[in-house]
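Trainee: The structure that follows is given in the form of structure tokens.
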Amino acid sequence: MRMKLIFLLMFSMIFLASCNNGRKKESKGLEVKEIAILKYVTHPALDELESAYVSRLDSLLKSNDSLKNYYIKKYNANASSTSANTIAKSFEHKNMALILTIATPAAIEVANIPSDIYHIYGAVADPIGAKIIPSKRSTGIQNSGESIIREALVFIKATFGQKVKIGTIYNPKEQNSIYVQSLIKRIGRELGLSIRQVTTESTSQLNGITNSLCNEVDVIYSANDNTVNSGVTTITSVTSRYNKPFIIGDLSTLKNGALFAIGLKYSTMGYDLAEMSYKVLLEKSIKSFPPQGPPKPEIWINEKVRKELRFNLNDSIKVNFNIKVK
């Protein structure tokens, strides 16, 4: 009899412990909220945005007791739309509070998944054309637009002369690039510029394309194309041989051999997106945070490349366009 009582007591203790553990796990699962970052591809500018976003948002979350149970998790599609789609679909099966997408292909995949999860985008050139907005759950900051492209082309014309021939490379499968190239074509025509637009779908084609362009144009200009940004060193290895200026729309890749970079500071964008995300989480709504256009771009010059090309920049242009020497 005594043994039976001991056995029943032990069984009851084990049963109660298992029930308590189950309740803890369930409670923990309900409390913890994930903030996902889906980046389309590893690239200095996008990495810079991601790093600034994580640093700032993590600090904000820790400063607020009501959001201390939120954590940030990073995902990378590695330049694959299929992977981006698979990852986006997986978010529906998690206790997700908010998704940040970095670059247009990633934003498109998340926007196309039926969901109520708040979606913030960064490094997206044309959210309307990409059908990311209008949306009841999506908002963010553009990284390109008419103001940036016009500033770049006006600068190129002022720096290299009215008769300058400009070559530009882009991937026609990237919606952001289609949008940017339409701006380049229209604004270039308005400014009376000669522009040669060439397409590529792979970084492996960049060497041959750049060689051909260097024989046809005076300057090569690229703005916000993920394929070109991934193959910048290939392009600059060719342009340096031909002594041709290469202008990139990404400040972070200036160091890879471009003469000029005309674009945005992605660390600032990451910081601003973190602030936006934090406020969305607090208000549990994006209604107060409409999509934002791109800020004014900065123009940087690579001093090392300038010397190699023996290029002299007019002092008045340097002052008028507020050019920063790097």
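Any read-out appearing in this document is the output of simple, stated calculations on the displayed coordinates, not a laboratory observation. Only a predicted model underlies this, so the values are computations on that prediction, with no experimental measurement involved. Please note: Cβ atoms are built from the backbone with ideal geometry, for glycine as well, and neighbour counts cover all protein chains shown.
Trainee: I want the local charge near residue 71. Using Cβ-Cβ distances under 10 Å, sum +1 for each Lys or Arg and -1 for each Asp or Glu among the other residues.
Mentor: After counting each charged neighbour, the total is +1.
Trainee: Looking at segment 22-158, I'd like the Rg to Rh ratio, where Rg is from alpha-carbon atoms and Rh is Kirkwood's inverse mean 1/r.
Mentor: Details: Rg = 16.9 Å, Rh = 16.2 Å.
Answer for segment 22-158: 1.04.
Trainee: So, one more: Around residue 228, with a cut-off of 12 angstrom between Cβ atoms, what is the net charge of the other residues, counting Lys and Arg +1 and Asp and Glu -1? Present the calculation step by step, with values, prior to reporting the outcome.
Mentor: Details: positive: none; negative: 174, 201, 225, 250.
Local charge sum for residue 228: -4.
Trainee: So if I take the alpha carbon set of the chain, get Rg, then get Rh from the Kirkwood formula, what is the Rg over Rh ratio?
Mentor: With Rg and the Kirkwood Rh in hand, the quotient comes to 1.15.
Trainee: What is the Å³ per residue value for the convex hull set by the Cα atoms of segment 210-307?
Mentor: Roughly 111 Å³ of hull volume per residue.
Trainee: Once you put a point 7 Å from the Cα of residue 113 and another 7 Å from the Cα of residue 279, both along the Cβ direction, what distance in nm separates them?
Mentor: The two pseudo-label positions are separated by 2.6 nm.
Trainee: A follow-up question, please. Quick one: which of 215-224, 291-300 comes out on top by average Cβ neighbours within 10 Å, and what's the full order, highest first?
Mentor: 215-224, 291-300
Trainee: Remind me, relative contact order of the chain in percent, using alpha carbon pairs under 8 angstrom and six or more residues apart?
Mentor: 17 percent
Trainee: For the Cα atoms of the chain, what angle does the longest principal axis make with the long axis of helix 232-242, in degrees from 0 to 90, nearest 10?
Mentor: The angle comes out at about 10 degrees.
Trainee: Here's something else I'd like to know. Taking the inverse of the average 1/r across all pairs of different Cα atoms in segment 51-110, what Kirkwood radius in Å do you get?
Mentor: 12.8 Å
Trainee: Per DSSP H run of n ≥ 4, the term is -39500 (n - 2.57); total these for the chain, divide by its residue number, and report the mean residue ellipticity at 222 nm rounded to 500 deg cm²/dmol.
Mentor: So the helix-based figure for the chain works out to -15000 deg cm²/dmol.
Trainee: How would 189, 196 line up from fewest to most surrounding beta-carbon atoms within 10 angstrom?
Mentor: 189, 196
Trainee: Also, quick follow-up: With everything on Cα atoms, drop me the angle between helix 44-62 and the longest principal axis of the chain, reported from 0 to 90° to the nearest 10.
Mentor: Relative to the chain, helix 44-62 is tipped by roughly 40 degrees.
Trainee: Shifting gears a bit: Is any residue of segment 213-230 close enough, with backbone N under 17 Å, to a label point placed 7 angstrom from the Cα of residue 204 along the Cα-Cβ axis, and if so, which?
Mentor: 227-228, 230
Trainee: In whole Hz, what ³J(HN,Hα) sequence does segment 109-122 give by Karplus (6.51, -1.76, 1.60; θ = phi - 60°), x for Gly and Pro?
Mentor: With the stated coefficients, segment 109-122 comes to 5, 5, 5, 7, 8, x, 6, 10, 6, 4, 10, 10, 10, x Hz.
Trainee: Now for a different question. Would you order 276, 269, 96 from fewest to most other beta-carbon atoms within 10 Å of each residue's own beta-carbon?
Mentor: 96, 276, 269
Trainee: If the viscosity is 0.692 mPa s and the temperature 37 °C, what translational diffusion coefficient in µm²/s does Stokes-Einstein give for segment 145-186 when Rh comes from Kirkwood over Cα pairs?
Mentor: 296 µm²/s
Trainee: List, in order, the whole-Hz ³J(HN,Hα) value for each residue of segment 179-196 obtained from phi through the Karplus relation with A = 6.51, B = -1.76, C = 1.60 and θ = phi - 60°; use x for Gly and Pro.
Mentor: These are the phi-based 3J(HN,Hα) values: 4, 4, 5, 5, 5, 4, 5, 5, 5, x, 5, 4, 8, x, 8, 8, 10, 10 Hz.
Trainee: Per residue of segment 264-278, what does 6.51 cos²θ - 1.76 cosθ + 1.60 with θ = phi - 60° give for ³J(HN,Hα)? Whole Hz please, x for Gly and Pro, Karplus curve as stated.
Mentor: Rounded to whole hertz, the list is 10, 7, 6, 5, 5, 4, x, 4, 5, 5, 5, 4, 5, 4, 4.
Trainee: Work from the charge dipole of the chain (Cβ charges, +1 for Lys and Arg, -1 for Asp and Glu, about the Cα centre) and give the residue of 267, 214, 282 farthest towards its positive end.
Mentor: Going by the charge dipole, the pick is 282.
Trainee: Another question, if that's okay. Against the longest alpha carbon principal axis of the chain, how many degrees, from 0 to 90 and to the nearest 10, is the axis of helix 2-31 turned?
Mentor: Tilt of helix 2-31: around 30 degrees.
Trainee: Net charge near residue 211, counting Lys/Arg +1 and Asp/Glu -1 over other residues with Cβ under 13 Å of its Cβ?
Mentor: So the environment of residue 211 carries a net charge of +1.
Trainee: What value in Å³ per residue do you get for the convex hull of the alpha-carbon atoms in segment 110-218?
Mentor: Hull volume normalised by residue count: 106 Å³.
Trainee: For residue 80 and residue 316, what does the FRET efficiency come to when R0 = 51 Å and r is the distance between their Cβ atoms, rounded to the nearest 0.05?
Mentor: With R0 = 51 Å, the Cβ-Cβ based efficiency is 0.65.
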